[in-house]
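Contents: one structure, followed by commentary.
FYI, it's all coordinate maths here, none of it is from the lab. On a predicted model such as this, the values are computed, not experimentally measured, just so you know. Heads up, the Cβs are rebuilt from the backbone with ideal geometry, glycines too, and the neighbour counts pull from every protein chain shown.
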Amino acid sequence: MRIVGRLSRSPNAPAGRPVPLRVLPAAAAVALSLAATACSSPGSAPPQTSAALPAPAAPANAGGLTLENALPLPIPPRPDIFPPPAPPAPPVFKAPTLMTAPDLPQISVGPTPPPPALPEGAPPVPASNRPAAPPPPDRTQTAALPPPTPKAPAAPALPRMEPLTVLFDGAATAMPEPAQARLEAIAERMNANPQLRLQIRSYASGTPETAREARQLSLARALAVRERLGTAGIASTRVDIRAMGMEAAGGAPDRLDVEFLNQ
C-alpha cells in the first residue's frame, strides 16, 4: 500500500517557513490510488469490487491545529474577592459642656429671740436695771518679745607676748628648766583665748653629711614642746611645727622659737 502525501501551503504563510506534511488516512489513500489508476487507463473499465467500501467519515478537524485556525483560550474571569472593609469614620468632635457654678445659698438673719418670760407675779425689770451686754472680746493678739540678752562684758585685752626662744645643749631634746615657766604662761593664754594659734620653729646644728640627722633632731625638740603643751590642755591642731634642721637663719644653731600667729 502506498501512502500519498500532499503538501499545502497557506497563502498567508510567510516565505521560508517549513510547511507541515499532512498524512491522509488509510482508507482515503486507497480510494485516491484507485482513482489515479482509472485516470491513467481511459479504455479500461474500473475494476469491480466485491463490496462497496464505506465512505470514510470526515474527521472533525481534518486539517489539524495550525497557527491560522488556532483560537486563543478565553481568560477565566477574576475570582470574586471580598471588598476591603470601609475605613472607619473619623471621630466627631464634641464640644465640652460648660459647667455653671451653683447659686450661692441665701442666708437670712432671723429675728432676735425675745428675752425669757418672767414668772407670774414678778414685777417687771426696768430698762435701766437690766444688765448691759458684755463687750465683745478683743481678738487682737500681741506677741511678747523676749527680754534682750545682756551682752557679756568684753574681756580685757591682754598685752602682746614676745616670742619665746629656747636654747639647747648639744643633742639634748628636753626643755631646759628656765623655759618651763614661760611655756606654762603661753599655755594659760591659749586656754583663755581658743582662737590663738602657735608656731614652733626648731633648729639643730650639723654638717652636710649629717643634715638628715640634724633635721630629725630639730623635729624631736619641736614635738617635745607640743607634747608639753598638750598636757596643759592645748590641742595639737593649734600648734604648727616647722623642723628647719641646719637652717639657723643667722641665730643660734641649736634653738627653738615659739611665736603666736594671731595674738
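Taking every residue in the stretch 215-241 that is farther than 16 Å from residue 184 by Cα and pairing it with any residue that is assigned to a helix (DSSP H, G or I), at least 6 positions away or on another chain, the pairs with Cβ-Cβ distances below 9 Å are 241/219; 241/222; 241/223; 241/225; 241/226. Candidates in the stretch 228-263 are the residues that are within 14 Å of residue 217 (Cβ to Cβ) and acidic (Asp, Glu); of these, the one that is nearest to the chain's Cα centre (by Cα) is 247.
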